[in-house]
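Asks: The structure is given below, and queries will be raised subsequently.
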Amino acid sequence: MIATMERVSLLDETDQLASMVLHSELYEKYKSCQAAVSRDKEAQSLIRQFKVIREKYDEVQRFGRYHPDYKSVIRQVMDANRNVEMNPLIADYKNAEKELNEMLGQVSLQLAHAVSASIKVPTGDPFFDRACSTGCGGGGKCKCHV
């Protein structure tokens, strides 16, 4: 019964942490930017255009450089991607998404390291990932024996 009560308490605290994230400035900014992109006709048009060109790109990739439209489709994808990323609303959305993701990564890292320094947490950033994230077992430079 004690283990069950501990788990319930832990889950309650997890819900509180999730609520704190949902009420954070970063999350509010992310949701606001997401809504702005969803409402903006130009942004939606750019995204649709990119998706259409991306489908062509996927088809061309099956054949690689041997496809007759390879170079033109690659250029079209690059142009469409640049157009999407140059849109101010989409750029703001991507920045807000990145900031929120960084905060969530920091929370995950702190939580994992509070339990044990040897817990491996993928951060998506090779500079912050542990030196030996997969366990080399050789006891080399990283002194890992996992």
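Asks: From the list Arg75, Arg54, pick out the single residue that is exposed (fewer than 13 other Cβ atoms within 10 Å of the Cβ) and free of Cβ contacts under 8 Å to residues at least 60 places away in the same chain.
Replies: Selected residue: Arg75, the only one of Arg75, Arg54 that is exposed (fewer than 13 other Cβ atoms within 10 Å of the Cβ) and free of Cβ contacts under 8 Å to residues at least 60 places away in the same chain.
Asks: Can you tell which of Met103, Met78 is closer than 22 Å to Leu22 by Cα and modelled with pLDDT of 90 or more?
Replies: When all the criteria are applied, what remains is Met103.
Asks: Return the total of residues in region 109-121 being exposed (fewer than 12 other Cβ atoms within 10 Å of the Cβ) and within 21 Å of Tyr27 (Cβ to Cβ). Write out each step before concluding.
Replies: Here is the first cut: in region 109-121, the ones exposed (fewer than 12 other Cβ atoms within 10 Å of the Cβ) are 110, 114-117.
Filter once more, so that each one left must be within 21 Å of Tyr27 (Cβ to Cβ): 110.
Result for region 109-121: 1.
Asks: Do you know which residues across region 106-133 are at pLDDT 85 or above and touching a helix residue (DSSP H, G or I) at 6+ places or on another chain (Cβ under 8 Å)?
Replies: Within region 106-133, just Val107 meets the criteria.
Asks: Would you point out which residue out of Gln44, Gln106 is of a type outside the set (Phe, Trp, Tyr), surrounded by fewer than 15 Cβ atoms within 10 Å (Cβ to Cβ), assigned to a helix (DSSP H, G or I) and within 18 Å of the chain's Cα centre (by Cα)?
Replies: Gln106
Asks: So which of Val21, Val60 is at pLDDT 95 or above and assigned to a helix (DSSP H, G or I)?
Replies: Matching residue, one of Val21, Val60: Val21.
Asks: Sticking with this structure for a sec: One residue is enough: does region 18-26 have a residue meeting the conditions surrounded by 10 or more Cβ atoms within 10 Å (Cβ to Cβ), over 20 Å from Asn95 (Cα atoms), out of contact with any Lys or Arg (no Cβ under 6 Å at 6 or more places or on another chain) and of a type in the set (A, V, I, L, M, F, W, C)?
Replies: For region 18-26, residues surrounded by 10 or more Cβ atoms within 10 Å (Cβ to Cβ), over 20 Å from Asn95 (Cα atoms), out of contact with any Lys or Arg (no Cβ under 6 Å at 6 or more places or on another chain) and of a type in the set (A, V, I, L, M, F, W, C): present.
The values are calculated or read from the model by the stated rules, or taken from the named source; none is laboratory data. Just so we're clear, the structure is a prediction, and the values are computed from it rather than from any experiment. Using ideal geometry, Cβ is built from the backbone for each residue, glycine included, and neighbour counts are taken over all protein chains shown.
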